[in-house]
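Working notes, beginning with the structure itself.
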Amino acid sequence: MFFREKISGGNRYLQLVENTRMDGKPRQRVLASLGRIDHLEESGQLEAIIRSAARFSKKMIVLTAHDQGETTTASTRCIGPSLIFERLWKETGCQDQIEALLDGRKFGFNVERAVFMTVLHRLTRPGSDRQCDRWQKELGIQGSEDIRLHHLYRAMAWLGEALSENEQDGATLFSPRCTKDRIEEGLFARRRDLFTSLELVFFDTTSIYIEGEGGETMGERGFNKDHRPDLKQMVVGAVLDNEGRPVCCELWPGSTADVKSLVPVVDRLQKRFAISRVCIVADRGMISQETILQLESDERQCEYILGARLRLVKEIKQDVLSRAGRYQVVNPPRTNKKDPSPLKVKEVMIEDRRYIVCHNEEQARKDRADREAIVAGLEEKLKRGEKSLVGNKGYRKYLKSRGKQGFEIDREKVEQEARFDGKWVLRTSLGDLPAEQVALKYKQLLTVESLFRSTKSLLETRPIYHKCDETIRGHVFCSFLALTLMKELEDRLATKGHRLEWKDVIRDLSRLEEVEIEQDKKRFVLRTQCIGVCGKVFQAVGVALPPTLRQIETEGTSE
């Protein structure tokens with residue numbers, strides 16, 4: 001039964017209609033015609049009719065009272081993020097893996113809930129564990145009501161706790177095997193039916209500085225990518241499969257150089273995940289002759305696609321880039337912004353070493369324009385005798401000294417730099433894979449770099465105040481688990497055809513709230529409106545929205 005508007009003779013009439021079935025077909029039967037809508041509105045009868053009907057609906061009574069400010073608000077809590085990520089937490093296996101490892105352990109509090117609370121904090125409002133402790137009061141995370149700050153610290157220490165001596169097979173010189181390793185291995189085994197091997201993995205590293213003293217070994221000085229050499233740091237490496245799913249993370253002291261980290265990662269992958277063959281894709285900071293020899297050794301037989309340093313490797317600068325040959329077009333010039341960036345490749349063999357030279361015409365034009373702008377600026381500034389230009393790295397490489405006469409532009413250097421415009425070079429052991437496929441697989445490394453940017457911004461791990469290696473490892477590992485849930489949600493949204501900004505997803509989920517109100521000595525929970533992209537996220541994950549209004553149990557009442 002419902003109200004219906006009917007237009008007749010240019011007037012709008014309000015009718016009360018009932019749905020019925022006649023001869024198996026739906027029919028609508030008019031029960032009453034209540035008059036012209038404009039007359040009902042002018043006389044106030046329309047509002048009186050609606051109010052009169054609302055008296056027989058408990059839901060409408062409460063909603064009307066709340067809109068008119070006649071209810072008392074007891075509490076408000078955000079429910080969107082916890083509903084979505086709680087489902088993903090279970091369906092990815094994170095909850096099962098943690099609970100299985102906790103079996104038989106007695107902590108006196110729910111460790112799994114403490115870990116989930118920390119992971120959810122990384123996803124929605126990144127910050128320290130102290131901030132997480134204050135923040136959790138705003139959310140309705142089932143089972144976390146009694147979690148306190150010291151419980152979070154103990155949960156982080158458990159995640160980073162070293163395993164027993166007989167479980168250290170596969171540990172590196174940089175870090176022991178920890179509880180987090182067993183969680184990673186369990187998650188991989190759970191989805192192993194989807195891909196039986198890690199034939200292609202992506203590896204990249206970043207540094208995260210630590211506030212305060214740092215751990216016993218984790219907090220050390222090293223090359224700081226955040227430009228904070230004044231602070232101690234740790235190195236975080238992440239391994240992703242060819243679908244962009246996080247496989248594992250490696251946590252090392254801050255003094256660990258990138259070039260020393262690749263081989264231990266390969267060894268760990270083969271032992272931990274029972275991988276017989278692996279091809280690793282890594283950035284140019286990982287490459288050295290010693291590293292390549294170790295990867296090609298008989299005991300590893302690891303395939304690789306490694307970025308090469310154009311300006312620093314003599315063989316590449318003198319032989320590879322100067323070798324004649326026709327480029328093969330992989331992606332033609334773009335006709336619109338959504339097209340892939342243009343790409344041409346050619347193969348160069350130096351003895352038994354295979355190189356792939358890649359060229360992007362768009363990037364070449366940009367490099368050329370940037371250089372010309374720098375040179376033009378230099379010429380103008382040199383006329384005024386500004387010797388301070390020598391201290392600018394961007395300018396200095398195009399200058400040469402004329403002794404007492406000052407400086408001038410090094411035209412030969414400018415011409416040499418033009419050889420590198422829009423180019424990047426790969427070295428690979430894959431002899432059978434076509435050059436264009438090698439280049440495209442390396443470009444997938446951008447997925448890893450993008451996820452690292454997410455780790456350090458959306459999933460910001462800092463600030464880290466912990467003073468023990470165990471708690472530092474556990475703190476950072478929660479960001480890895482957050483990445484796992486983030487990737488799962490993005491995949492499900494993509495399956496539904498949605499490409500949403502992560503900030504929009506978190507913002508709109510956080511706007512979904514439940515408000516506990518009291519009216520006539522009864523308590524109700526009122527859900528706020530689902531706005532923005534929130535509905536698409538709930539649909540993609542398969543979570544039903546809670547009812548708009550429900551009564552909660554109080555003494556002497558029931559729902």
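The values are calculated or read from the model by the stated rules, or taken from the named source; none is laboratory data. It should be emphasised that the depicted structure is a prediction, and the values quoted were computed from it without experimental measurement. Don't worry about glycine lacking a Cβ; one is built from the backbone with ideal geometry, like all the others, and counts go over all protein chains shown.
Computed values, structure above
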{"read-out": "Unmet criterion (only one of (1) modelled with pLDDT under 90; (2) in the same structural domain as residue 543 (by TED's automatic domain parsing)) for residue 512", "value": "(1)"}
{"read-out": "Matching entry among 429, 450 (being more than 30 Å from residue 154 (Cβ to Cβ), at pLDDT below 90 and either outside the structural domain of residue 208 (by TED's automatic domain parsing) or buried (at least 16 other Cβ atoms within 10 Å of the Cβ) (or both))", "value": "429"}
{"read-out": "In the range 289-331, the residues that are among the hydrophobic types (A, V, I, L, M, F, W, C), surrounded by 14 or more Cβ atoms within 10 Å (Cβ to Cβ) and over 30 Å from residue 362 (Cα atoms)", "value": "292, 295, 302"}
{"read-out": "Selection status of residue 207, part of a strand (DSSP E or B), surrounded by 18 or more Cβ atoms within 10 Å (Cβ to Cβ) and either in contact with a helix residue (DSSP H, G or I) (Cβ under 9 Å, 6 or more places away or on another chain) or modelled with pLDDT under 90 (or both)", "value": "yes"}
{"read-out": "Per-region count, the range 138-166, residues part of a helix (DSSP H, G or I) and without any contact (Cβ under 8 Å) to a residue 12 or more places away in the chain", "value": "3"}
{"read-out": "Selection from the range 476-500 of residues that are modelled with pLDDT under 90, farther than 21 Å from residue 82 by Cβ and of a type outside the set (A, V, I, L, M, F, W, C)", "value": "499"}
{"read-out": "Residues satisfying the stated conditions in the range 507-527, i.e. in contact with a Lys or Arg (Cβ under 7 Å, 6 or more places away or on another chain) and without any contact (Cβ under 8 Å) to a residue 40 or more places away in the chain", "value": "525"}
{"read-out": "When residues of the range 304-326 are limited to those that are assigned to a loop (DSSP other than H, G, I, E, B), in contact with a strand residue (DSSP E or B) (Cβ under 8 Å, 6 or more places away or on another chain) and within 27 Å of residue 201 (Cα to Cα), the one modelled with the highest pLDDT", "value": "308"}
{"read-out": "Residue within the range 337-359 that is loosely packed, with under 11 Cβ neighbours inside 10 Å and more than 30 Å from residue 293 (Cα to Cα) present", "value": "yes"}
{"read-out": "Tabulated pairs, the range 491-506, first under 19 Å from residue 120 (Cβ atoms), second among the polar types (S, T, N, Q), C-beta under 9 angstrom, 6+ apart or interchain", "value": "502/454; 506/124"}
{"read-out": "Test for residue 397: is it within 30 Å of residue 292 (Cβ to Cβ), outside the structural domain of residue 443 (by TED's automatic domain parsing) and either at pLDDT 90 or above or of a type outside the set (Gly, Ala, Ser) (or both)", "value": "yes"}
{"read-out": "Residue 113 vs. criteria of a type in the set (Lys, Arg), surrounded by 20 or more Cβ atoms within 10 Å (Cβ to Cβ), modelled with pLDDT under 90 and under 25 Å from residue 506 (Cα atoms)", "value": "no"}
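This table checks each residue for (1) out of contact with any helix residue (DSSP H, G or I) (no Cβ under 8 Å at 6 or more places or on another chain); (2) of a type in the set (Lys, Arg).
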position	(1), (2)
319	yes, no
322	yes, no
326	yes, yes
335	yes, no
339	yes, no
346	no, yes
360	yes, no
371	no, yes
381	no, yes
